[in-house]
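Report on the following structure.
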Amino acid sequence: MVDLTDCDRELVHIPGTIQSFGVLFAVDEEMKVAQVSENVTDHLSLRVDDVLGRPLAESVDPASADEVRAVLREQRWLDANPLSIGARGKRFDGIVHRHDGATILELEPNPDTRDEPSIHHPFRVALLRVQRASTLSELAEVVTQQMRRLTGFERVMFYRFHEDGSGSVDAEARDAAREPYLGLCYPASDIPAQARQLYLRNWLRLIFDADETPARIVPALRPDTGAPLDLTFAVLRSVSPIHIEYMKNMGVRASMSISLIVRDRLWGLISCLNHTGPRRVTQRMRSACEFMGRLASLQIAAFEDRELLTLRASRRATVGALQHAMKEATDGALAALVAQPKALLELVDAGGAAVVGDGTLVTCGGAPPADVIRAIAQWLDEKGDRRPFASASLGIDFPPALASSELASGLLSFALPGARLMWFRPEIIQTVQWGGDPTKPVDGDAAGRPRPRRSFARWKEEVRARSRPWTPSDLEAADEVQRRATEVDIERRLASEQRAVRAREEVLAVVSHDLRNPLSVVLLEAGALLEELPKTGDERSHKLRQSMERISRSARRMNALIKDLLDLAKIEAKTFPLEIQSVESRDLLADAVIDAQPLADVKHISLVTELNELPKIHVDGHRISQVLSNLLGNAIKFTPEGGSVTLRTQRLDGTLSVSIADTGRGIAPEDLAHVFDRYWRPKGSTSDGTGLGLYIARGIVDAHGGRVRAESSPQGATFSFTLPLKVRGD
């Protein structure tokens with residue numbers, strides 16, 4: 001078996017040889033010849049040894065060498081080529097360029113052009129006809145006829161590439177003695193990937209004579225880099241031996257290809273062939289042909305744009321109706337589309353459609369079985385791309401769908417979160433005429449090296465499991481529906497969130513008013529009863545006192561929880577109120593220590609203060625006291641009896657930094673990143689806290705423009721926060 005990728009890996013840009021109808025010089029920065037083609041003797045009557053290492057001005061006329069130097073210095077070779085170069089009493093067309101750090105000068109003999117048709121008037125007519133073409137088929141016909149008339153090639157083809165890389169001859173102008181190629185298709189392997197890249201980088205390529213012997217470049221490697229000379233942009237670059245053999249097998253002696261490039265993609269080629277002998281096309285004529293190719297490319301792009309605009313206008317009402325259906329639906333946006341089958345299918349000319357959601361599947365028109373649809377959806381989801389995906393040969397791309405090709409040979413699909421829309425196109429059985437057997441694009445020699453096929457006889461093939469291709473307009477329509485569906489989905493999510501916010505606000509209003517007031521009554525009554533009960537007495541009085549104390553504690557915890565929930569809602573709604581005042585930081589911290597001291601005394605914990613540089617700060621004193629109370633309370637809670645808690649301060653980069661370090665067990669590494677999360681509590685904690693304290697503390701510090709962080713080690717945990725010394729906007 002021959003590996004077709006061998007053709008794709010062939011280094012066609014560094015062949016080491018050139019076509020012998022010209023001569024090539026590679027010159028260094030000092031304009032000395034570093035490499036030269038060995039046929040310099042044939043064109044200039046100079047030996048290779050006479051040229052290498054010598055100034056270019058000794059091989060060509062000094063004035064011509066000066067012109068080359070000026071073009072290189074001003075970097076204007078694209079505009080200046082071809083140069084008129086004199087050398088050894090002859091005139092040459094000179095093409096100069098720089099690439100990959102090398103300067104290359106190519107000389108082509110400038111033949112007597114008295115008998116050559118003028119390129120001005122004839123090409124003017126051709127270009128005007130190209131410009132006036134109103135359809136693609138008319139453009140192809142004009143280009144092939146005019147190109148053959150002006151260049152004299154025996155055959156000119158308008159060759160178009162398809163999505164799978166194969167190509168077809170869409171128009172042809174030929175000598176009556178030549179067998180027609182019109183309508184024939186050729187496999188992608190006829191033009192390997194790296195050759196297509198060169199067609200993208202060079203608008204025109206001439207092969208003067210397939211029978212000629214190429215001229216070697218001497219020395220074979222560049223003296224400065226030790227690498228082969230890159231001839232990507234060289235006009236004289238010789239041809240792959242595989243391609244030469246391909247041409248001979250096809251009965252072609254000379255060729256010229258002009259690229260058709262539309263929006264940076266290789267759309268096709270204007271392919272000119274000569275069968276009976278070599279064909280030389282001058283540099284001036286080639287420039288005119290390249291211009292025609294560029295103009296034809298612009299025309300093709302204009303045709304595509306016009307078609308897109310027409311289709312876009314025609315589908316505007318359909319897309320609007322589908323968007324309305326999505327907005328009015330009570331279920332998912334995409335599922336609503338299937339309830340509009342006529343509009344949905346006509347939008348992209350599909351035969352069927354399906355929407356797959358979380359456990360749901362709805363279809364319309366001709367769609368494959370449910371299990372196949374779900375398998376396709378899973379395959380697409382695994383690709384991880386929600387953007388429109390199109391295939392005209394689904395069974396080839398995804399073999400499990402092959403059995404459903406009759407209904408689903410074509411697929412166009414996109415996804416939203418939780419749902420995917422798929423359009424299907426049925427199989428179209430076609431009879432394709434190939435220029436040779438497409439199943440044998442190459443042969444192999446005894447060593448397994450690839451060789452081009454020898455037969456180009458017409459080969460008919462029945463092509464199945466393919467649908468009509470999806471057009472750029474179809475993809476644009478899918479993209480537009482996806483965008484509209486996304487808008488509807490976002491609107492629904494936003495409305496849902498707004499309803500949730502309103503519901504939360506209503507609940508908070510109930511909590512803050514209807515619960516806090518009764519709780520206040522409970523606390524007051526419990527306190528009054530405790531005052532009435534004697535502190536010493538019988539067992540009944542003792543039990544009543546315990547019950548009242550439990551009621552008071554529970555009511556206080558509920559009151560604290562309500563307060564935390566209200567603070568939480570304000571933080572998340574970014575409406576956290578602050579009453580900023582100028583506060584003495586020393587007083588604020590001292591009060592926090594005094595308040596925490598009773599808790600520390602119960603556990604025999606030492607409260608240590610290291611207060612340095614305590615300036616006035618602009619803060620909400622009540623809220624910062626809340627932060628200090630929370631952090632000191634937590635530190636005391638998680639420090640064992642006899643430990644210590646240290647409160648430190650320091651001024652740091654325009655802020656007051658406050659840290660609280662304990663000698664507790666620390667925080668597990670996997671928990672450290674979550675200590676400020678809502679409702680977070682340490683694993684195994686038996687505390688009756690809400691898990692909101694640290695979250696609210698961070699919210700208060702953030703609202704002041706500060707930062708809070710936690711660190712831990714086996715020696716204990718440290719919580720610290722910063723407060724700016726100036727109010728925001730000062």
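The values are calculated or read from the model by the stated rules, or taken from the named source; none is laboratory data. Keep in mind that this is a model prediction, so the values were computed, not measured. Positions of Cβ are generated from backbone atoms using ideal geometry, with glycine treated the same way; all protein chains shown enter the neighbour counts.
Quick look at the values:
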read-out: Filter result for the condition that a residue is of a type in the set (Ser, Thr, Tyr) and crowded, with 21+ Cβ neighbours inside 10 Å, over 655, 639; value: 639
read-out: Subset tally (residues that are out of contact with any Gly (no Cβ under 6 Å at 6 or more places or on another chain) and closer than 16 Å to residue 470 by Cα) for segment 152-165; value: 4
read-out: Breaking point among (1) modelled with pLDDT of 85 or more; (2) under 30 Å from residue 497 (Cα atoms), for residue 646; value: (2)
read-out: Among (1) free of Cβ contacts under 8 Å to residues at least 24 places away in the same chain; (2) closer than 14 Å to residue 414 by Cα; (3) not basic (Lys, Arg); (4) not in a helix (DSSP H, G or I), the one test that residue 378 misses; value: (4)
read-out: Failed item in (1) part of a helix (DSSP H, G or I); (2) among the charged types (D, E, K, R); (3) under 23 Å from residue 205 (Cβ atoms); (4) touching a residue at least 24 places away in the same chain (Cβ under 8 Å), with residue 98 passing the rest; value: (1)
read-out: Flag if residue 577 is under 18 Å from residue 649 (Cβ atoms) and under 54 Å from the mean Cα position of the chain (by Cα); value: no
read-out: Single match in 235, 252 (criterion: within 25 Å of residue 103 (Cα to Cα), at pLDDT below 95 and either aromatic (Phe, Trp, Tyr) or in contact with a strand residue (DSSP E or B) (Cβ under 6 Å, 6 or more places away or on another chain) (or both)); value: 235
read-out: Residue tally, condition among the aromatic types (Phe, Trp, Tyr) and within 30 Å of residue 580 (Cα to Cα), over segment 624-643; value: 0
read-out: Residue among 353, 390, 375, 329 that alone is over 24 Å from residue 163 (Cβ atoms) and of a type outside the set (S, T, N, Q); value: 329
read-out: Within segment 649-678, tally of residues that are in contact with a helix residue (DSSP H, G or I) (Cβ under 8 Å, 6 or more places away or on another chain) and at pLDDT below 85; value: 1
read-out: Residue 68 being aliphatic (A, V, I, L, M), surrounded by 21 or more Cβ atoms within 10 Å (Cβ to Cβ), part of a helix (DSSP H, G or I) and in contact (Cβ under 8 Å) with a residue 24 or more places away in the chain; value: yes
read-out: In segment 315-359, the residues that are more than 15 Å from residue 481 (Cβ to Cβ) and at pLDDT below 90; value: 328, 330, 331, 357, 358, 359
read-out: Residues being within 41 Å of the chain's Cα centre (by Cα), surrounded by fewer than 20 Cβ atoms within 10 Å (Cβ to Cβ) and in contact (Cβ under 8 Å) with a residue 12 or more places away in the chain - total across segment 134-153; value: 4
read-out: Every pair of residues 6+ apart whose Cβ atoms lie under 8 Å, when the first sits in segment 479-497 and is farther than 17 Å from residue 318 by Cα while the second is loosely packed, with under 11 Cβ neighbours inside 10 Å; value: 489/417
read-out: Failed item, numbered, when residue 576 is tested on (1) in a loop (DSSP other than H, G, I, E, B); (2) surrounded by fewer than 18 Cβ atoms within 10 Å (Cβ to Cβ); value: (2)
read-out: So residue 292, is it modelled with pLDDT under 90, among the aliphatic types (A, V, I, L, M) and surrounded by 15 or more Cβ atoms within 10 Å (Cβ to Cβ); value: no
read-out: Some residue of segment 30-51 being among the small types (Gly, Ala, Ser), part of a loop (DSSP other than H, G, I, E, B) and within 49 Å of the chain's Cα centre (by Cα); value: no
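Matching residues to (1) surrounded by 14 or more Cβ atoms within 10 Å (Cβ to Cβ); (2) assigned to a helix (DSSP H, G or I); (3) at pLDDT 75 or above; (4) in contact with a helix residue (DSSP H, G or I) (Cβ under 9 Å, 6 or more places away or on another chain):
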site	(1), (2), (3), (4)
476	yes, yes, yes, yes
481	yes, yes, yes, yes
490	no, yes, yes, no
503	no, yes, no, no
517	no, yes, no, no
528	no, yes, yes, no
549	no, yes, yes, yes
556	yes, yes, no, yes
